[in-house]
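Structure, as structure tokens:
The values are calculated or read from the model by the stated rules, or taken from the named source; none is laboratory data. This is a predicted model, so every value here is computed, not measured. Positions of Cβ are backbone-derived with ideal geometry, glycine not excepted, and every protein chain shown enters the neighbour counts.
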Amino acid sequence: MGAETAVRRGIGTITLDVRRGDGPEAAQFYTFAALVTTDRLIERSPDAVAAAVRAIRNTQMALKATPELATEVGKRLFPQAEAGMIADIIRRDLPFYDPAISEDAVSRMNQFAQDIGLLSAPVPYAQVVYTEAQQLWTA
């Protein structure tokens, strides 16, 4: 939203969007949206975690079908100018609306974290992604 505001006001330019392939190929996987929780919450409240995954998937599907829904919600939460931008931003970013996190994405994220010294070894996919919820990504 901040970048879009700057561009529309003529005071900013987007020069790099790694999600769209700008920069090194691997950089496309350095950032993506994710729902983060703890193993403790998954163990204590698996139904709540599953409900959150379903809610994200259902919201993404609804926004893909009707991006203007975001404007309706935005008008209740944001100033008018920002609320008026939301549907355009949603439309532009629809290719990235996917609740799934692939093994390839985790592998590349691991490589990035190792390259910058955050990890000394990769973290297994099943430790990063709650694999029991995978069926909810497409259900």
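From 125, 30, which residue is closer than 24 Å to residue 1 by Cα, surrounded by 11 or more Cβ atoms within 10 Å (Cβ to Cβ), among the aromatic types (Phe, Trp, Tyr) and touching a residue at least 12 places away in the same chain (Cβ under 8 Å)?
30
Yes or no: region 57-71 includes at least one residue that is touching a residue at least 40 places away in the same chain (Cβ under 8 Å), in contact with a helix residue (DSSP H, G or I) (Cβ under 6 Å, 6 or more places away or on another chain) and charged (D, E, K, R).
Checking region 57-71: not a single residue is touching a residue at least 40 places away in the same chain (Cβ under 8 Å), in contact with a helix residue (DSSP H, G or I) (Cβ under 6 Å, 6 or more places away or on another chain) and charged (D, E, K, R).
In region 74-101, what count of residues is obtained for those that are closer than 20 Å to residue 33 by Cα, surrounded by fewer than 15 Cβ atoms within 10 Å (Cβ to Cβ) and among the hydrophobic types (A, V, I, L, M, F, W, C)?
Matching residues across region 74-101 total 3.
For region 4-56, how many residues are of a type in the set (Gly, Ala, Ser), over 27 Å from residue 88 (Cβ atoms) and in contact with a helix residue (DSSP H, G or I) (Cβ under 7 Å, 6 or more places away or on another chain)?
2
Please work out if residue 71 is surrounded by 15 or more Cβ atoms within 10 Å (Cβ to Cβ) and among the hydroxyl-bearing types (Ser, Thr, Tyr).
Judged against the criteria, residue 71 is a match.
Taking region 36-45 as the region of interest, how many residues are closer than 22 Å to residue 112 by Cα and either free of Cβ contacts under 8 Å to residues at least 24 places away in the same chain or charged (D, E, K, R) (or both)?
1
Being within 19 Å of the chain's Cα centre (by Cα) and in contact (Cβ under 8 Å) with a residue 60 or more places away in the chain is the filter here; which residues of region 1-26 pass it?
1, 4, 19, 26
Any residue that is in contact with a Phe, Trp or Tyr (Cβ under 8 Å, 6 or more places away or on another chain) and either modelled with pLDDT of 90 or more or among the hydrophobic types (A, V, I, L, M, F, W, C) (or both) - is there at least one of those in region 62-75?
The answer is yes, given that some residue of region 62-75 is in contact with a Phe, Trp or Tyr (Cβ under 8 Å, 6 or more places away or on another chain) and either modelled with pLDDT of 90 or more or among the hydrophobic types (A, V, I, L, M, F, W, C) (or both).
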